[in-house]
Amino acid sequence: MENNRPSHTIVSELLWTALTVLLVTIGFNVTVGADSSGNSFMDSGQVPNRQVVNANGLAHKLYFGLSNGEKSNFAKANSDTSQTPDTSIIDKAGINSDHPLTLNFEITNITGKDKDDVDEILTLPNYQNPDYPDANPVPTPAETGGEHGPVTITNNADNSKLTLQSSLNDGKDEYGHFVNWNENDWYDDDNPAPTDRNDVRWSQIQCLKVKGTIKAGQTYAFSIALNTDHIDVNNPHYFSVGDLSYDLGTYAETPLAAYARVAKKVDLSGKYLAVTQNQAKTGYTPLKDIQNQMPTIDANKEIFFDNFDIYKGEPISGKDQEQKLSTLSTTGYTGSPYYIDLFKLLPLMKSLATNDGYSAMHASDGTLETAYTYPITPAPVFTSADGKTTLQPLDKNGVGNFYLMFDKIPNWVKPVTPSNSGSGSNSNLVTTNPTPTTQPSQNSGATTPTVTPTPNNSTSTVVSNYAEVKGAVVYGIKGLYMYRHPTFAKNQRVGRYPNQKRPNRPMFEIMVYARSNGRALRYKVRDLNHGTKSFGKIGYITANDKFVVNGYYQTMPKNKRITVIAKHGVYQYRTSSLKNRGKHDRQNTHLKVAKLVHYHLTTRYQLTNGHFVSANKRLVIQGLH
């Protein structure tokens, strides 16, 4: 039976706002149980529900199970509308004819005396409510032989007066026409003639009823083998089992329900497919000129799967972006929407913007996207550039099942190698449009952020490829001045920054690029030097990398060691956003590094203990010192 919760409201392409938060979180998946090889086939979310429901003097357990002992979330009493149903995902790889998926029911008498008014009605996953018919009534009970067909009574608790009945669902009432289903009591309540068990089609049984007397402290339990052969693993269809527990004395009823779906784990092999929107805006066209630069899918753990439809396919952005992605999983299942964190692809995006003229895709307001949202439906359409020829480029020629979307940068000029011009450099130059951008891609791939420098006027600015990204932090490695205008003159100086020892070097945030009258590249910057008179001042400084460089390390130390150089030491943090402060490390402390992590346009070093420290060059230095 399909649940009545709102269906997925997914938009084919959700456009996000400008570059805001670097997403570096990891989703957590908690599963219960595993087979003998250590494989797990049941995903019940971060905290599986194992709470027993007490109703009408009985303790209830209702759940789906696998032969290796794994269990789904237990059913909740959904009479309380404030309760959100727990769902579970079952990996199809853990199910076969010898080890089927089972539905498990258990009641225990907790009244302290015999209970003679047991009345429980179970609606199986294939139950067809006459008011809400299910177009996809699967899975059904398996067509197996034996006294009880697919039903195995696992604990009868010497309950000779407790009967199990099945519904023939012949339209006589809401739940159909019940027939007793006990080993020695197989007859129709409305027909004294015994029912021929050979005439029963187990797959057509939609309801079961447990009725009669259960002794004090005793437990009655059974399992039902289910046939999952006809389940479409690409469909996000949740099926459910329900139990209506009646109190015949007060006519009160307590409904319970457990939800699950069968899916397959997503294949993350292969490279991303590079695409752009076709001319008709009806699909995506492969970009052959940059395909050879596409990375291996999820090599940077940039894909986050919303397996339990927490965010309903809605875009995630802003200050809570990192927190929200941290609630998702890095293990994906078919039928799940997902998000791609473009910030984790920042080096690729910078290279494509500089050397190939491609940026991440832009939202309708013209800002670059920071992450792509890939819905369950509709499936992506790939075409020729004019949109007239349908293509099938995924899962072939080394390409996997995910793609990244790009926009062509207007007025981009291919890099050239100019002659040395004194104040410039011998670096390759590129023409870019005004604002640095980072962009994600959609549906089965992730897009990486692309940074595109922007000029400070209507004409394009040619930017050296050593130039840092707008919004990045640079610091001075030699003495320098700040000026009012891009063309430097002594009478235009607004700040002086003498050469300093490393921990005291001046730091600046790049706002835009500019050119002097002689075409020398400049940074328009904001002074970031807290505690100084110049803090917050805005002006122009040289972009020459002999004077200013990125204030954050972009590489791993060769010996995987760093030394704390900040006078007051540094703190370790439990997240890359440098929240949840932990241990304090004094100046000259040596730390072991596991990897470099990008956060916005800054970086962190993740230590071997899993904690993070800033990779700011004024705070730490690579190597042992």
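The values are calculated or read from the model by the stated rules, or taken from the named source; none is laboratory data. All figures in this text were calculated on a predicted structure; none of them were measured in a lab. Note that we place each Cβ from the backbone using ideal geometry, even for glycine, and neighbour counts take in every protein chain shown. Surface areas here come from the heavy atoms of the whole protein model, side chains and all, with no ligands, DNA or RNA. Shrake-Rupley method; radii C 1.70, N 1.55, O 1.52, S 1.80 Å.
Listed residues Pro498, Pro506; which is more than 15 Å from Gly471 (Cβ to Cβ), crowded, with 19+ Cβ neighbours inside 10 Å, modelled with pLDDT of 85 or more and not small (Gly, Ala, Ser)?
Every option except Pro506 fails the conditions.
When the criteria are applied in full, Glu70 meets the requirement of being at pLDDT 90 or above and within 25 Å of the chain's Cα centre (by Cα).
Kindly state which strands (runs of 3 or more DSSP E) lie completely within region 562-621 and contain at least 2 residues that are within 25 Å of Leu346 (Cα to Cα). Outline the logic, then answer.
On the way: elements: 570-573, 581-585, 590-599, 602-607, 612-614.
So the answer is 570-573, 590-599, 602-607, 612-614.
Close contacts from region 566-582, counting a first residue that is under 20 Å from Gln321 (Cα atoms) and a second that is part of a loop (DSSP other than H, G, I, E, B) and open to solvent by 100 Å² or more (accessible area, probe 1.4 Å), with Cβ to Cβ under 7 Å and a gap of 6+ residues or different chains, come to Tyr573/Lys579; Asn580/Arg574.
Out of all the residues in region 219-251, which are open to solvent by 40 Å² or more (accessible area, probe 1.4 Å) and part of a loop (DSSP other than H, G, I, E, B)? Steps first, please.
Of the residues in region 219-251, the ones open to solvent by 40 Å² or more (accessible area, probe 1.4 Å) are 227, 229-230, 232, 234-235, 246, 248-251.
Scanning region 219-251 gives Asp229, His230, Asp232, Asn234, Asn235, Leu248, Gly249, Thr250, Tyr251.
For region 565-609, filtering for residues that are open to solvent by 30 Å² or more (accessible area, probe 1.4 Å) and not hydrophobic (A, V, I, L, M, F, W, C) leaves 23.
Check region 601-619 and report whether any residue there is at negative phi and small (Gly, Ala, Ser). Checking region 601-619: at least one residue is at negative phi and small (Gly, Ala, Ser). Does any residue in region 499-517 that is of a type in the set (Gly, Ala, Ser) come within less than 9 Å, Cβ to Cβ, of a residue that is open to solvent by less than 50 Å² (accessible area, probe 1.4 Å) and part of a strand (DSSP E or B) six or more places away or on a different chain, and which pairs are these? Between residues of region 499-517 that are of a type in the set (Gly, Ala, Ser) and residues that are open to solvent by less than 50 Å² (accessible area, probe 1.4 Å) and part of a strand (DSSP E or B), the close pairs are Ala514/Thr461; Ala514/Leu521; Ala514/Arg522; Ala514/Tyr523; Ala514/Tyr540; Ser516/Arg522; Ser516/Tyr540. Among the numbered conditions (1) in contact with a strand residue (DSSP E or B) (Cβ under 7 Å, 6 or more places away or on another chain); (2) open to solvent by 10 Å² or more (accessible area, probe 1.4 Å), the only one that Ala274 does not meet is (2). Exactly one residue out of Asp545, Asp527 is among the acidic types (Asp, Glu), in contact (Cβ under 8 Å) with a residue 12 or more places away in the chain, open to solvent by 40 Å² or more (accessible area, probe 1.4 Å) and not assigned by the TED database to the domain that holds Gln321: that is Asp545. No other residue among Glu322, Glu314 is open to solvent by 10 Å² or more (accessible area, probe 1.4 Å) and not in a loop (DSSP other than H, G, I, E, B) apart from Glu322.
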